[in-house]
Amino acid sequence: MTKSFSQAAALARKAARDPHAAALALYRTLNADWPRLALGGPDAAEAWTQARDELRALGLLARFEHELRAAFAPLAGQEIRGKRVVAGGVKPGHAEMLWAVVRRRRPQLVVETGVCNGLSSAIILEALAANGSGRLVSLDLAEFCDPALNDIEVWEGKGGAVIPAGKAVGWLVPDHRRAGWRLELGRAQDRLAPLLAELGPVDVFIHDSEHSYDNQLFEFREGFAALAPGGLLIATDINWSNAFDDFWAAAARKAGARRAFVDHSCALVAKP
Ligand SMILES: C[S@@+](CC[C@H](N)C(=O)[O-])C[C@H]1O[C@@H](n2cnc3c(N)ncnc32)[C@H](O)[C@@H]1O
């Protein structure tokens, strides 16, 4: 069996198990017109291609992914809480989208939840550095590969995203990019609202922490409320719960926001 045939067969089995989720994923994939929403203007598609080419030419994503692979190679086959240990970084396509959003929109304040090894943080900080202005504030409740280092309670649905032995939260961020970065450690449920109140209007807010229904709904609401007019919410892993659809129907659409999908698992919402 070829790889694409076996992938298609796996998708078909998944769709038979949960037709509603499959239809939703298809709808989102077919409406993946995010550059028009997030990069704006008639040249949005060209801006997306240019930004992606720029990141590829710099080789930054390839370098960070190489570092992640090297750090996780010795952990192959290991488990934590019965889950396979993974690096948990954003998908390559999402990292490229983050780069394009920051390069094109030139935000002065970006806030993200979910840092782990720091792939998204490193990409955002590199993009801000290329812009020559802007800062990133990140919030994370880290889980380490070595269980002796964990004194936190994690959501039972959490996967195996961890930090390897000898590394710190966000270790992928190069030292020379740390000046514009504030890293806060703690539970989003406890720390996000006071942090946003302290920071004031946010240009781009990214959720990539705990993907439980309650926390996703909480972060989408808080992050959207904290956005400056015209600001952008980036919601990852929306396929983990119904929180995004509930947030959209009950809050964002009523507020006159616009939305677009990057793929079945990621959505963007622009505040009016
Ligand atoms: C998917 S990883 C983030 C990946 C990161 N954005 C990247 O691209 O490398 C999710 C992170 O959120 C953390 N986390 C889990 N529950 C959390 C919570 N309730 N509050 C804050 N962070 C949480 C996890 O421990 C992990 O470090």
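At a glance:
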item: Answer residue from segment 106-138, given it is surrounded by fewer than 23 Cβ atoms within 10 Å (Cβ to Cβ) and in a strand (DSSP E or B) and is nearest to the ligand (Cβ to nearest atom) among those; result: 137
item: Residue match in segment 50-59 (condition: more than 9 Å from the ligand (Cβ to nearest atom), acidic (Asp, Glu) and touching a helix residue (DSSP H, G or I) at 6+ places or on another chain (Cβ under 8 Å)); result: yes
item: Test for residue 173: is it in contact (Cβ under 8 Å) with a residue 24 or more places away in the chain, farther than 21 Å from residue 237 by Cα, β-branched (Val, Ile, Thr) and surrounded by 15 or more Cβ atoms within 10 Å (Cβ to Cβ); result: yes
item: Segment 57-88, subset closer than 22 Å to residue 129 by Cβ and in contact (Cβ under 8 Å) with a residue 40 or more places away in the chain, residue farthest from the chain's Cα centre (by Cα); result: 58
item: Selection within segment 222-238 - surrounded by fewer than 24 Cβ atoms within 10 Å (Cβ to Cβ), in a helix (DSSP H, G or I) and either away from the ligand (no atom under 15 Å from the Cβ) or within 13 Å of the chain's Cα centre (by Cα) (or both); result: 224, 225, 226
item: Scope segment 197-213; condition within 16 Å of the ligand (Cβ to nearest atom) and over 11 Å from residue 225 (Cα atoms); matching residues; result: 204, 206, 207, 208, 209, 210, 211, 212, 213
item: Residues located in segment 180-226, provided they are over 22 Å from residue 155 (Cβ atoms), out of contact with any Lys or Arg (no Cβ under 9 Å at 6 or more places or on another chain) and acidic (Asp, Glu); result: 198
item: Unmet requirement for residue 155, which otherwise passes all of (1) under 21 Å from residue 225 (Cα atoms); (2) near the ligand (Cβ under 9 Å from one of its atoms); (3) hydrophobic (A, V, I, L, M, F, W, C); result: (1)
item: Filter pass, residue 96 being acidic (Asp, Glu), closer than 23 Å to residue 49 by Cα and within 13 Å of the ligand (Cβ to nearest atom); result: yes
item: Residues being over 19 Å from the mean Cα position of the chain (by Cα), away from the ligand (no atom under 11 Å from the Cβ) and farther than 17 Å from residue 110 by Cβ - total across segment 175-196; result: 3
item: Filter pass, residue 161 being of a type in the set (Gly, Ala, Ser) and surrounded by 14 or more Cβ atoms within 10 Å (Cβ to Cβ); result: yes
item: Hits in segment 158-174 (condition: more than 9 Å from the ligand (Cβ to nearest atom) and closer than 14 Å to residue 118 by Cβ); result: 164, 167, 168, 171, 173, 174
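Every read-out reported here was derived from the displayed coordinates using simple, explicitly stated rules and does not represent laboratory data. Just so we're clear, the structure is a prediction, and the values are computed from it rather than from any experiment. Cβ: placed from backbone, ideal geometry, glycine included. Neighbour counts: every protein chain shown.
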